[in-house]
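Before any comments, here is the structure.
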Amino acid sequence: MAEEMYAPQAGSPVTHLAENITNSQTTIPLDDASILLDAPNTITIIEKDDFETIKYTGKNVNDLTGCTRGFEGSAKAWDSGTPVARIFTSQDLEVVQDNLTALDGHNNTLHSEDYIPDSEKGANNGVATLDSGGDVPASQLGNVDGMEVHNNTYHSPNYATESNLNNHIGDTGAAHGAVTTSVNGFMSSGDKSKLNGIQSNANDYSLEAHDNDHHTENYITEAEGAKTAKGTYTGNGNTSQTISLAFAPKQVTITADGDSQIYAAAIEGVNVGIHVASDGILEPLRTSKNYVPHLTASGFEVGASAANSEYINHDGTVFHYVAIG
């Protein structure tokens with residue numbers, strides 16, 4: 001049976017504990033519970049290198065109710081004002097992996113619920129069968145509402161005749177005339193080539209390029225002010241390097257050049273995130289600039305306190321980043 005998965009939350013908005021809580025308290029008071037997803041779901045309480053993930057089954061104004069403490073990590077007492085957010089945890093990843101493994105185990109297996117009883121084949125309110133030629137026998141076609149038989153073929157009474165098709169023309173006055181900006185018609189091959197060159201889900205965004213001595217940034221600004229940026233920087237091996245952006249990021253993801261794995265990710269409000277080591281092991285809730293970017297009002301900072309190839313400011317390594325504001 002598949003394990004229950006809980007919806008992720010884009011941007012992982014942060015609220016805070018409204019009161020001190022004990023390690024066994026099952027109603028969690030927050031400053032603003034409205035920014036969190038509806039129940040059931042999970043939250044993570046974060047304090048420096050310590051954390052506790054809690055499952056909740058209800059929301060009552062600013063209280064999370066029906067909570068399971070220590071859903072991941074250990075149940076602890078926490079102080080008022082401690083940050084709380086819905087973040088993607090190692091528990092979330094393990095459930096996804098387990099469910100995919102369970103699905104893969106059903107390959108090439110026909111379950112009882114997939115069988116169609118013989119009594120329903122070719123029967124009223126059942127399913128049609130195919131003859132030796134791959135067609136549905138006429139005896140199973142029955143009467144089709146709104147259709148009539150013509151030369152043993154079901155069709156709509158408003159079917160097009162050959163003369164209708166031969167006389168079909170566009171507003172251009174000629175059969176299959178090309179469309180213009182003022183006259184309806186058909187698409188030309190040139191216009192089709194232009195459409196083929198537009199990427200899927202493309203929008204009317206403005207693109208601005210910005211270069212400096214340590215990274216290249218290309219960010220896209222929507223009319224409502226939301227921003228994204230992507231670019232590269234080269235690690236200099238220092239304990240701190242600042243990557244400047246034209247906006248305050250809410251989330252930053254970093255990968256190393258030529259490596260498809262996510263090296264580091266951080267969210268606004270808490271300098272804590274997820275780091276994936278070179279061996280592919282997930283390391284959630286890292287706080288050091290060696291492992292996760294620290295977000296600022298105008299960009300983010302990375303560091304390397306030693307010559308470690310897994311640090312995100314490793315000397316000489318080219319890193320790629322994506323920032324969302």
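The values are calculated or read from the model by the stated rules, or taken from the named source; none is laboratory data. Nothing here was measured: the structure is a model prediction, and the numbers come from that model. Glycine gets a Cβ as well: all are built from the backbone with ideal geometry, and neighbour counts include every protein chain shown.
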Legend entry - Residue among Thr101, Thr42, Thr22 that alone is surrounded by 13 or more Cβ atoms within 10 Å (Cβ to Cβ) and of a type in the set (Val, Ile, Thr): Thr42
Inset, instruction - Can you confirm whether the stretch 267-285 contains a residue that is at pLDDT 80 or above and within 28 Å of His16 (Cα to Cα)? - result: no
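Given the structure, is Glu208 farther than 17 Å from Ile312 by Cβ, modelled with pLDDT under 80 and in a strand (DSSP E or B)? First the steps, then the outcome.
Working: farther than 17 Å from Ile312 by Cβ: yes; modelled with pLDDT under 80: yes; in a strand (DSSP E or B): yes.
Considered against the rule, which asks whether it is farther than 17 Å from Ile312 by Cβ, modelled with pLDDT under 80 and in a strand (DSSP E or B), Glu208 comes out as yes.
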